[in-house]
1. Mind checking which residues of the range 135-166 are touching a residue at least 60 places away in the same chain (Cβ under 8 Å) and either crowded, with 21+ Cβ neighbours inside 10 Å or at positive phi (or both)?
2. Among the residues of the range 96-107, are any of a type outside the set (A, V, I, L, M, F, W, C) and under 21 Å from the mean Cα position of the chain (by Cα)?
3. Tell me, which residue of the range 228-242 that is hydrophobic (A, V, I, L, M, F, W, C) and surrounded by 15 or more Cβ atoms within 10 Å (Cβ to Cβ) is farthest from the ligand (Cβ to nearest atom)?
4. What are the residue pairs meeting all of these: first residue in the range 235-246, first residue of a type in the set (S, T, N, Q), second residue more than 10 Å from the ligand (Cβ to nearest atom) and open to solvent by 80 Å² or more (accessible area, probe 1.4 Å), Cβ atoms under 9 Å, and 6 or more apart or on different chains?
5. Got a number for residues in the range 243-258 being more than 9 Å from the ligand (Cβ to nearest atom) and either open to solvent by 60 Å² or more (accessible area, probe 1.4 Å) or not aromatic (F, W, Y) (or both)?
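The values are calculated or read from the model by the stated rules, or taken from the named source; none is laboratory data. No experiment lies behind these values; they were computed from the predicted model shown. Virtual Cβ from ideal backbone geometry, glycine too; neighbours counted across all protein chains shown. When the accessible area is computed, the model is the full protein with side chains, heavy atoms only, and any ligands, DNA or RNA have been set aside. Shrake-Rupley method; radii C 1.70, N 1.55, O 1.52, S 1.80 Å.
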Amino acid sequence: VPELPEIETAVRLLRRVAVGRVIEAVHLLHPSLGRMSPALRRSFHGARVTMAERRGKHQLLHLADGRTIRVHFRMTGDWHADTVDAERPRFARAAIDFADGTRLVLVDPRALSKIDVHGAGAPIDLGLGPEPDDPALTAKSLRRKLANRRGAIKPVLLDQGVIAGLGNIYVAEALWRARIDPRRPAMSLTPSELTRLLAAVRFVIRRASGARYRDRDGRIMRLDVYDREGDPCRRCENRIQRITQAARSSYYCPHCQV
Ligand SMILES: [Zn+2]
């Protein structure tokens, strides 16, 4: 699953490859992405990309005509940059051809990525909370936000409306670092625990900044707790446990996360 630094990397690629270029055509190559009306297809011809930005795990490509193309990788999406005369890569699900022959291909083995187009002038409500590095995000603001959340802190932190962009790996790593049990009711966290949690969230994101959580061979980079079921905790040497919360795996140390 692409985590926030991987989306940052993807947006940097969009800035390098797409921004400033003029679109020749957009192709949707897989039924999961739906179909474009002929009018929409024609409307992309000659559209210039002016800006690329990340909001949570969404990628936004702004066009000079005011429209925005929104891309979400979901599980296995990624960009592949080549040229229009190259053979399409395996698992190509969408492609943006540029007038100068550059091409951007959305590659996605599981075909769960989403692309949609938002009209000019329409505000895009992605239902996102503050970014982790937003100075307005404080232990106090987080405490207000969690005040009525009886659910366990782990799935609550995956709610993009609480903090934007946190995924399963980050949340596991942050809760381990903050020594908080993922099963604790969100509303039960004390101010000092929330301070620790926020510092931990920011730490794990900085640690991964610009990197990918999987290396070229698909191995997960060194993590403290995620995917380490049965291995010794790096802090207390007790065994890491895996439980399922809201249909996702949670990894934690039952000894030092309380
Ligand atoms: Zn431990």
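1. Initial filter on the range 135-166 (touching a residue at least 60 places away in the same chain (Cβ under 8 Å)): 137-138, 152, 154-155, 158, 160, 164-166.
Passing the criteria: K154, A164, G165, L166.
2. Taking the range 96-107 as the starting set, the residues that turn out to be of a type outside the set (A, V, I, L, M, F, W, C) are 97, 100-103.
The next check asks that each one be under 21 Å from the mean Cα position of the chain (by Cα); those that pass are none.
Within the range 96-107 (the criterion being of a type outside the set (A, V, I, L, M, F, W, C) and under 21 Å from the mean Cα position of the chain (by Cα)), the answer is no, since none of the residues qualifies.
3. So in the range 228-242, the residues hydrophobic (A, V, I, L, M, F, W, C) come out as 233, 236, 240.
Subset that is surrounded by 15 or more Cβ atoms within 10 Å (Cβ to Cβ): 233, 240.
Details: C233: 3, I240: 8 Å.
Here the answer is I240.
4. Within 9 Å, the pairs are Q241/E229; Q245/R183.
5. Here is the first cut: in the range 243-258, the ones more than 9 Å from the ligand (Cβ to nearest atom) are 243-251, 258.
Imposing the further condition that a residue be either open to solvent by 60 Å² or more (accessible area, probe 1.4 Å) or not aromatic (F, W, Y) (or both) reduces the set to 243-250, 258.
Residues that pass the stated criteria total 9.
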